[in-house]
Amino acid sequence: MRLLITHEEIVDICKRLGFEITQNYKGKTPLVVCVLKGACPFHSELIKHIDLDLEVDYIQVSSYLGTESTGVINFKKDLEFDIAGRDIIIVEDIVDSGLTLSKLKLELQKRKPSSLKFVSLLDKPSKRKVEFKPDYVGKTIDDLFVIGFGLDLDEKYRNLKDIYVFNQD
Ligand code: IMP
């Protein structure tokens, strides 16, 4: 494993994104949605740096086996709140093929939110299979498989506080 992003850098990213979101949602009460499970640590850190009257919710939408995305969207846990007329911010750990969030976007748009934006801690644009651009990105990375700070390989390594490139050695 090779260290890629330190915990301190992650916190700095959350401060920057939190500040931008605070500026862009002044006077609003956004619903900040964590995409389970991978985005949990990022969502928890990010909301500390958003200075608004926000609310939180959780959704679990996809299955991901090994190192290849299945691209199948499966609602394991739906939102608690009705999102019609609300400002929704979806918080994800990483965008890879773009399949998960592009499909989630189509599903959530049917529920008529007032606005729907996406924030991702990491982005791997070189891996896109469908066009999808998160509205807020923490850091763009190369085509690497990464673990830690919520990111897993078959459910392991989510508890690491830094982010590492995974390799067999
Ligand atoms: P996408 O649908 O291909 O964009 O995949 C998004 C999901 O795949 C993310 O929410 C992660 O759960 C998982 N994923 C993609 N790349 C990585 C990685 O490098 N490490 C761990 N999980 C990943």
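The values are calculated or read from the model by the stated rules, or taken from the named source; none is laboratory data. Just so it is clear, the structure is predicted and the values come from calculations on it, not from any experiment. Using ideal geometry, Cβ is built from the backbone for each residue, glycine included, and neighbour counts are taken over all protein chains shown. Heads up: the accessible areas ignore ligands, DNA and RNA and are worked out on the full protein's heavy atoms, side chains in. Shrake-Rupley method; radii C 1.70, N 1.55, O 1.52, S 1.80 Å.
Identify the GluC sites (Glu not before Pro) of the range 89-169 meeting these criteria: DSSP loop state and at most 15 other C-beta atoms within 10 Å of the C-beta.
Filter output for the range 89-169: GLU131, GLU155.
Would you mind computing the Rg to Rh ratio of the range 1-47 from its alpha-carbon coordinates, Kirkwood style for Rh?
1.04
Short version: ³J(HN,Hα) in whole Hz for each residue of the range 26-36, in order, from phi by Karplus 6.51 cos²θ - 1.76 cosθ + 1.60 (θ = phi - 60°), x for Gly and Pro, what are they?
3, x, 10, 10, x, 9, 9, 9, 8, 8, 5
Which residues' amide hydrogens lie under 5 Å from the amide hydrogen of GLY138, considering only partners 5 or more residues apart or on another chain, with H built in the peptide plane?
Placed amide hydrogens put SER120, LEU121, LEU122 under 5 Å from GLY138.
Amide H neighbours of TYR58 under 5 Å, counting only residues 5+ apart in sequence or on other chains, H built in-plane at 1.01 Å?
Hits under the 5 Å cutoff: CYS34, GLU80.
Tell me the carbon and sulfur percent of the accessible area for the chain, rounded to whole percent, probe radius 1.4 Å. List each step's numbers first, then the result.
On the way: 4230 of 8550 Å².
Of all accessible area on the chain, carbon and sulfur atoms account for 49 percent.
Please give the per residue accessible area of the chain, computed with a probe of 1.4 Å over protein heavy atoms only, in Å².
On a per-residue basis, the chain sits at 51 Å².
Computed on alpha carbon atoms, what radius of gyration and Dmax characterise the chain, expressed in Å?
15.2, 50
Take THR29, project a point 7 Å from its Cα along the Cβ direction, then tell me which residues of the range 87-131 have their backbone nitrogen under 14 Å from it.
Within reach of a label on THR29, which here means backbone N under 14 Å from a point 7 Å along Cα→Cβ, the range 87-131 contributes 87-88.
Under a plain spin-label model, where a point goes 7 Å from the Cα along Cα-to-Cβ, how far apart in nm are ASP135 and LYS105?
1.1 nm
Test of understanding: extend the Cα→C-beta vector of ASP12 to 7 Å, then name every residue of the range 121-142 with backbone N under 13 Å from that spot.
It comes to 139, nothing else.
Kindly sort ASP51, ASP57 by accessible area of their heavy atoms, largest first, with the probe set to 1.4 Å. If you can, show how the numbers build up before the last one.
Working: ASP51 130, ASP57 5 Å².
Descending order: ASP51, ASP57.
Anything over 28 Å Cα to Cα? Flag those among LYS105/LYS139; LYS77/LYS124; LYS15/LYS129; LYS28/LYS105; LYS28/LYS127; LYS26/LYS129, in the order listed.
Pairs exceeding the cut-off: LYS15/LYS129; LYS28/LYS127; LYS26/LYS129.
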